1. Determine the principal axes of the Cα atoms in segment B:35-94, then give the extent along each, sorted from largest to smallest and rounded to whole angstroms.
2. So what's the gap between the Cα centers of segment A:183-215 and segment A:457-496, to the nearest angstrom?
3. In whole Hz and in residue order, list the ³J(HN,Hα) couplings for segment A:233-239 that follow from phi through the Karplus curve 6.51 cos²θ - 1.76 cosθ + 1.60, θ = phi - 60°; x for Gly and Pro.
4. Equivalent-ellipsoid semi-axes (√(5λ), Cα gyration tensor) for segment A:341-411, whole Å, largest first?
5. Straight-line reach from A:Lys114: which aspartates and glutamates fall under 15 Å, measuring Cα to Cα and dropping same-chain residues less than 8 apart?
6. For segment A:1-56 and segment B:257-307, what is the separation of their Cα centres, given in Å?
7. Counting only C-alpha contacts under 8 Å and six or more residues apart, can you give the relative contact order of chain B as a whole percent?
8. For A:Leu394, what is the net charge nearby, where nearby means another residue's Cβ is under 9 Å from its Cβ and Lys, Arg count +1, Asp, Glu -1?
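Quick note: the coordinates plus some simple rules give every number you see, no bench work behind them. What you see is a predicted model, and the numbers here were worked out from it, not measured in a lab. Here Cβ is always computed from backbone atoms with ideal geometry, including for glycine, and neighbour counts include all displayed protein chains.
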Amino acid sequence: MTRLVASNVSKQYGAVRALTDGNIEIEGGRVTALLGANGSGKSTLGKIITGLVRPDSGELTLDGERVTIRSPKDARRLGITAVYQELSLVPHMSVAHNIWLGQEPMRRGGIDQKEMRERSGELLELFSASFSTRVTPTMRVSDLTPGERQIIEILKAMAWRPRILILDEATASLDGRQVERLFELVAQWREEGMGLAFVSHRMEEIARVADRAVVLRNGDTVGEVDVATTSEAQLVQMMTGGATAPHTTRQRAASGEKLLEVEGLSSGRVRDINLSVAPGELVGIGGLQGQGQASLLLALFGAEPYRGTIRIAGKRVNLSTPRRAMREGVAYVPGDRGAEGLLPVRSILENLQLPSWHRYGLLLRQGKAQADAMRAVDELNIKIGDIEDPVRTLSGGNAQKVVIGKWLLRKPRVLLLNDPTKGIDVGAKAEFYALLERLRDAGTAILFNSSDDEELLALCQKVIVLQDGQLRAVLEGEALTHENLVAASMGTAANGSAGRSADSGGRP
Amino acid sequence: MSRLGILLRNHTWLVPLLLLAIAVGVNVYLQDNFFMQRVLNGNLRVMLPLMILAVGQAIVILAGGIDLSVGAMVSLVNTVFVTLISADSGGLELAGAMLVGVGVGALAGAVNGLCVAVLRLQPIVTTYATSFIFAGLALAILPRPGGSVPRDLTRFYRDYILEVPVAAYGIALLIILWLLLRRTRFGHHLYAVGGNDEAARASGVRVGLVRFGSYVATGVFSALAAIALTMSIGSGNARIGDDMTLSSIVAVVLGGTRLAGGRGGAIGAVIGVAILSIIRNIISFAGIPSWYQTLVDALIILAALAGPGLVYLIRRQRNDGN
C-alpha cells in the first residue's frame, strides 16, 4: 500500500518560521486531515508535499524510499497530485484542454482531440449528476460557475491517476450536492487504495470524511488522532494548545454612538454582513484566511462593488470608488504592501503624500508637504535615510509604517486594516500595536483583519469571525478566547459556546 | 450565452470574415473587374507576404508576447537571399539560399526569444531594440537597393497552376501549416501560456520554452514572408520590411486575436491582411489621398482594442438597470 511520510520538515521565509517540525503520514486507503489554525504551517506542509515549496530540512519518503520533490511536475511523476484552488485553469480554453493540459494524449505527432474529449467526458461523468446544467468537454472554463471550475480542478488532478491526492480546501466553492458527490468519490477512491490528505476549514466535513487528523500548531506537529474517537472540542483544544484566559486588559467598551454601521452588505466573497464600530473602538475580523475578510474591507473602501447599506456617523454613504470612501474619511491599509500600498521606486515623501496632494495648492507647496511628511516620519518613528529615498530601500516594518503614515496625514475617521503585520518583525509589530492604540484612543473607528489570532486577542475589544463569507460569530468580553475564535473559524462550538452567534444576536 | 455567441467566440475568425465580405462588396462596387483572374492574382500576390508575416505575429501574440522586429527580419532575410543568388542561379542554388534565409530568420527569432524568455526582458522594448540590429545588418549587407532574382522565379510567382494563381496555393499552404501547428502540443501550449502562464506552469508546461519557441517560429515565418516578397518584387532593399511590422499587428488584431494573448488564431490574421489590403484598394479607387491609410490603420487598432471593452460596458450598464 502506498505510503508517503514527511518527517521533521521545516521551512523559513526570511525571519519567519512557517514550519518548524512538520510530520505527516499519508497512507493508501486512508483519509488524513491536516488541521491547524492560521499560521500553524499546515498550508506550508501541504505545499512541500506537492513540490510548490522546497523545505529547508527534513525528509520525504515514498513507500520507504527517500524522495526529493522539486516541482509539481516531480510530485506528479511520483503519483502525488494536489487540487489547486483555481490556480491551474486557463479561462479561455475548453474543459477538455484544461483537464489534459501538460499531458495531452498524442497520436501521430498531433494532439488526439477525440481521445481527449472522450476521456474528459468520462471524467465529467463522475460529477454529472451534481451539475445544475450539463458541462461538456468543449465548453469554455470561463463560462462555468466557481463550483464547476473547482470540479474541473479535481478532475484535472484525477487525470494524472494519482496514488496520493491532496485536497486543499477543495470544497470551498462547491454547493451541497457537489460536496456530497465529492465525498462519495473520496470514499470510493479510498477503497481503491488511494492515499488522501484533506484540508478544510469546515470541522463538520473533517468529521465526516477523515479517518485520522494531524494537528499542527505554530509550525509544530502536535499530534495525530483518530477522528472517530476525538471530539471536536478536543481537536480545537489541540489546535490552540489548551485554555487561554480571556483577555481583560483591553480598553473599556466604547460609547453608544456608532461611527461605522454596515447592514446586509454583500460583495465578492461575503454575504449579508452586519456590523458596527464605535469611535475609539478596535474591532477585529477573524477566521481562517481567505473567508472573505479582504472582500469585506475592500467593499468598505469602495474598491469592490457591494450591495447593502453603509452609514458613517449616521449618514448613509455610497462608497462606489476609493476616492469617495476617502472623502468620507475612510482609509485602507493593505496587507500586500507591494501591490496595493506603495510605489516602490518613488520617494518616501511622494508615497506619504500621494493621497493628500490636494491640500498643497495648484502649484504644490513642496516645503510644507515635506515638513508635514517629516512630522509623520517622526511621529511614526520610521527609520529612514532621507525623505527623498525610494521606498524600496526600507525594511518591511518601516515600509508598512509609510503605508499607515500616508493615511494618517489625512486624519481618517474609519481605518481599515487588512492583515497589516504579515511579514513584519516582532519589534516593528510592537510599535505598530502602540500606534493602533493611540489612534483608537484618539477616537478613530478601526476595523482590523488579521491572520494572527494572538494579535486579535491582544488588541481587540470585539472580534467578528467570518467563515465562507458569512459572519459566524461575534466574540467579546468573556467569550473572546482563542478556543472560541478557532472553534468559530471551523464552524463548530468549543465547550458548547461560541460566543454570541451571528444568527441569534449579531443582527440588529 | 446564446448559440451564436458561442459560435463566434470559438471561431474568432467569423466576424473578420464578415468584415472581409463587406469590404470586398465595396471594392467590387468601385472596381467592377475585381473578380477578373488577372486582378485577383495581382491582389493575392501583394497580400501573401504580409499574410505569412501576420501568421508569425499571431503566434507570438497568442503566447502573450509581441514582436516589433518582424519587419526588420523581413528586410534582413530579403538582403541575405538576394545577395546569395544572381539572375542566373539554378534551382539548387535558389533552394540553398532559401534555406539559409530561413536559418537567418530562425536565428534572429532565437535572439528575441532568448531575451524575452530567458533574460525576461520586456517584449515590446526588446524587439524594438533588436529591430535596429536586424535593420542595421540588412543595410550592411545591401547598402543600396538592388540585386536581381532569376526571371523564372518571379514569373513562377505570378503564374497559374490549373487556372489558379500560385499565390492562392501559397495562402492555402499557409493555412494548412497553421492548422498542423495548432494540432501539435506546442501549438496547444501557446494558448495556455498566453491565457494564464501561472496555470500553465502549475500544469507542468515548460513556459519558458514555449515562449522561446514562439519567437523562433515568428522568425521563421518572417523569413518565409521575406522570400515570398522577394519573389514578388524581384530585387533587394534593406528597408523593404519597414512598414510591415505595424501592418502585421493591425492584421492580427483585426483578425480577432486579443493583444493580451491566449485567444484568437492565425486564420483571423490571414483574413485581417485581406481586409487591410482591400481597404487600401478602396482608398485608392475612391480617390482618397493615400496618406489616409495610416489614419485608417490607427483607427482600426483603436476600434479593435476598444470593441470588447465597449461591449462589456454596455452589458454591465444593462445589468445595472435590472
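1. Extents along the principal axes, in whole Å: 43, 37, 18.
2. Each part reduced to its Cα centre gives a spacing of 25 Å.
3. Each residue of segment A:233-239 in turn: 4, 5, 4, 4, 4, 5, 5 Hz.
4. Values for segment A:341-411, descending: 18, 12, 11 Å.
5. Reachable aspartates and glutamates: A:Glu104, A:Glu122.
6. That distance is 55 Å.
7. 35
8. Around A:Leu394, the charge tally is +2.
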